[in-house]
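Please read the structure below before turning to the comments.
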Ligand code: BES
Ligand code: MN
Ligand code: ZN
């Protein structure tokens, strides 16, 4: 989609469809007032008939509005004026995009971008407009044989700005929005692909393809033999139960000087998690193809970073494997030695994410990172604790945790912190090894974080548990692309470019 900037009197703009916002109780937004005047109160008269009040979710398509140049006018409910914040803005923008996508117009002009949500600014508003609109247009149909083609798809959405002097900042916001949207879509598509297509080798190929897009991005893939050489026995113990070979994907983006320490993102890439010998119940097991959403978000964020050409050094690391039951799979009680030298008693083979992550986290030390964030669909307990709205966040560095919390707030992709207190650590005590891979009853998300913390002592670290936020279940089943928006915002802020 193209997003040209528009300014001036909306009633004078020639367009196939002009979008106007109406607050609750038929309260016209500023641009709607202008158009109402030009049309000799046509809008006011229509609204008085009671078709629309202006509540959030409402809309009304009008034809042949007199006194203006637009062929049609789409009215969008904004809700109560006093409650109009960024979240209400996103809802209205999303509604306008879905109605337009069904209305067979190829072009439209949107004045919602002139209605300022509380506590927002032009950059935020423009970027959120783009990411919100693009989200409405995402489709995953590459595994369907009969895809209905949209006859006249929307190609151009003009966005109004009030002041030409802010055009530069608005253009930048639109470019960033497009990059974040593309990164989010990439994450969604990788995650929506089934386990028989999206294998560790497939993820590796995708990463190599990404590397070909920019000379600043170098990608290398470590195979099982190389991992063996590094002593990654925890990671390899998981993939031993699968016929698909494990891969360690290493992506290095250089947008800044050699001297500046990189941010490292580490994403769990379990392309299918059946639980192994501690096998999962069969109901809903298909959703465990999503156990690579952490990896997908690392690739998506990397893609966004490359497109925005951020002046930062960023490393993406993806340990990738399947977790299946097999004659050679991990057995409960098995003890393995991790790359760090710590021995691990595997009391439950379904707690495999931490086994592949711990070796990737030790490997991360070699980059001398400024900060490390791992992203993983790590625990069902996180879904119980926080549901689908917030990702779980734990970390050993308060400043880093606060940066991520703030990035989540401003991108609408929020996280909630859980305590990583020492009190929880003893739940991981093992009778036979240095550490057990499960923490027993209670605090499952926290004890998983505690497990990882044993491998992250050498740098500033935070952990995002995205088990509840990375995909939706039920009739609308599908990946969300989270937390690409949060991570992109985090990187933008670090570059001094964010909100
Ligand atoms: N991939 C799962 C976590 C998961 C479960 C994500 C449900 C989303 C929905 C992870 O590998 C796992 O199986 N974790 C176990 C850990 C337990 C054995 C300590 C879990 O959460 O049940
Ligand atoms: Mn598991
Ligand atoms: Zn898993």
Inset, instruction - For the stretch 21-49, enumerate the residues that are over 21 Å from residue 97 (Cβ atoms) and assigned to a strand (DSSP E or B). - result: 27, 28
Inset, instruction - Please list, ordered by first then second residue, the pairs with beta carbon atoms under 6 Å, 6 or more apart or interchain, first in the stretch 115-140 and surrounded by fewer than 16 Cβ atoms within 10 Å (Cβ to Cβ), second part of a loop (DSSP other than H, G, I, E, B). - result: 118/85
Inset, instruction - Inspect all residues belonging to the stretch 335-354 and state whether any of them is under 30 Å from residue 173 (Cα atoms) and in contact with a helix residue (DSSP H, G or I) (Cβ under 9 Å, 6 or more places away or on another chain). - result: no
Inset, instruction - Considering each of 407, 388 in turn, give the residue that is surrounded by fewer than 21 Cβ atoms within 10 Å (Cβ to Cβ) and closer than 28 Å to residue 499 by Cβ. - result: 388
Inset, instruction - Return yes or no: is residue 254 without any contact (Cβ under 8 Å) to a residue 40 or more places away in the chain and either more than 13 Å from ligand 1 (Cβ to nearest atom) or out of contact with any strand residue (DSSP E or B) (no Cβ under 9 Å at 6 or more places or on another chain) (or both)? - result: no
Inset, instruction - For the stretch 303-319, enumerate the residues that are crowded, with 24+ Cβ neighbours inside 10 Å, away from ligand 2 (no atom under 16 Å from the Cβ) and over 14 Å from residue 492 (Cβ atoms). - result: 303, 316, 317, 318
Inset, instruction - Test each condition in (1) assigned to a strand (DSSP E or B); (2) within 16 Å of ligand 2 (Cβ to nearest atom); (3) more than 32 Å from the chain's Cα centre (by Cα) for residue 335 and report the one that comes out false. - result: (2)
Inset, instruction - Only residues that are assigned to a loop (DSSP other than H, G, I, E, B) and surrounded by 14 or more Cβ atoms within 10 Å (Cβ to Cβ): list them for the stretch 457-476, please. - result: 458, 459, 460, 466, 467, 468, 469, 470
Legend entry - Matching residues, the stretch 477-499, being assigned to a loop (DSSP other than H, G, I, E, B) and either over 16 Å from residue 378 (Cβ atoms) or outside the structural domain of residue 420 (by TED's automatic domain parsing) (or both): 477, 480, 481, 495, 496, 497, 498, 499
Inset, instruction - Inspect all residues belonging to the stretch 60-73 and state whether any of them is within 28 Å of residue 498 (Cβ to Cβ) and either in the same structural domain as residue 489 (by TED's automatic domain parsing) or touching a residue at least 24 places away in the same chain (Cβ under 8 Å) (or both). - result: no
Inset, instruction - Look at residue 328 and say whether it is away from ligand 3 (no atom under 16 Å from the Cβ), surrounded by fewer than 22 Cβ atoms within 10 Å (Cβ to Cβ), in the same structural domain as residue 461 (by TED's automatic domain parsing) and in contact (Cβ under 8 Å) with a residue 60 or more places away in the chain. - result: yes
Legend entry - Of all residues making up the stretch 381-391, the number that are closer than 12 Å to residue 444 by Cα and either out of contact with any helix residue (DSSP H, G or I) (no Cβ under 6 Å at 6 or more places or on another chain) or more than 16 Å from ligand 2 (Cβ to nearest atom) (or both): 3
Legend entry - Yes/no for residue 274 being in contact with a helix residue (DSSP H, G or I) (Cβ under 7 Å, 6 or more places away or on another chain), without any contact (Cβ under 8 Å) to a residue 60 or more places away in the chain and within 16 Å of ligand 1 (Cβ to nearest atom): yes
Legend entry - So residue 166, is it assigned to a helix (DSSP H, G or I) and not assigned by TED's automatic domain parsing to the domain that holds residue 316: yes
Inset, instruction - Considering only residues that are surrounded by fewer than 21 Cβ atoms within 10 Å (Cβ to Cβ) and at pLDDT 95 or above, look in the stretch 439-452 and name the one that is nearest to residue 386 (Cα to Cα). - result: 443
Legend entry - residue 401 vs. criteria more than 27 Å from residue 123 (Cβ to Cβ), in a helix (DSSP H, G or I), assigned by TED's automatic domain parsing to the domain that holds residue 325 and over 15 Å from the mean Cα position of the chain (by Cα): no
Legend entry - Residues (more than 16 Å from ligand 3 (Cβ to nearest atom) and buried (at least 24 other Cβ atoms within 10 Å of the Cβ)) located in the stretch 367-385: 372, 373
Inset, instruction - Report yes if some residue within the stretch 251-269 is within 14 Å of ligand 2 (Cβ to nearest atom) and either over 24 Å from the mean Cα position of the chain (by Cα) or crowded, with 17+ Cβ neighbours inside 10 Å (or both); otherwise report no. - result: yes
Inset, instruction - Identify the residue in the stretch 339-377 that is assigned to a loop (DSSP other than H, G, I, E, B) and within 16 Å of ligand 2 (Cβ to nearest atom) and, among all such residues, is nearest to residue 232 (Cα to Cα). - result: 352
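The values are calculated or read from the model by the stated rules, or taken from the named source; none is laboratory data. Here the structure is a predicted model, which is why all the values come from computation and not from measurement. Neighbour counts run over all protein chains shown; Cβ positions are idealised from the backbone, glycine included.
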